[in-house]
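Novice: Below is a structure I'd like to ask you about.
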Amino acid sequence: QAGQSVVQLIEQLNPIQEGLISAARSMPDANAAVLISGSGAEMSTVQRLERIANHWNEHVEEMKMALHPLNT
């Protein structure tokens, strides 16, 4: 979201995170396959959430580098 501050981005993420948490908690079996890729590989809710978390952690690190490029 170009042109938005970190605070604005975090404010947008809070309701998304709350919805994701609520949806994950309502799953009857978090280890059941919920996503099947074109190759046939299956992913459970737990695996999908781990992948999402890793993806967002990468973005957080990128934002940290953009804000403080000399602190590597």
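Here, each number is a calculation from the coordinates, and none is a lab measurement. Quick caveat: nothing in here was measured; it's all calculated off a predicted structure. Cβ sites come from the backbone with ideal geometry, for glycine too, and all protein chains shown count toward neighbours.
Novice: Would a scan of region 52-61 turn up a residue that is within 15 Å of the chain's Cα centre (by Cα) and charged (D, E, K, R)?
Specialist: yes
Novice: Related question: On the given criteria, is residue 23 at negative phi, in contact with a strand residue (DSSP E or B) (Cβ under 9 Å, 6 or more places away or on another chain), outside any strand (DSSP E or B) and of a type in the set (Gly, Ala, Ser)?
Specialist: Against the criterion (at negative phi, in contact with a strand residue (DSSP E or B) (Cβ under 9 Å, 6 or more places away or on another chain), outside any strand (DSSP E or B) and of a type in the set (Gly, Ala, Ser)), residue 23 does not qualify.
Novice: Next question, about the same structure. May I ask you to say which residue of 35, 70 is out of contact with any strand residue (DSSP E or B) (no Cβ under 7 Å at 6 or more places or on another chain) and among the hydrophobic types (A, V, I, L, M, F, W, C)?
Specialist: 70
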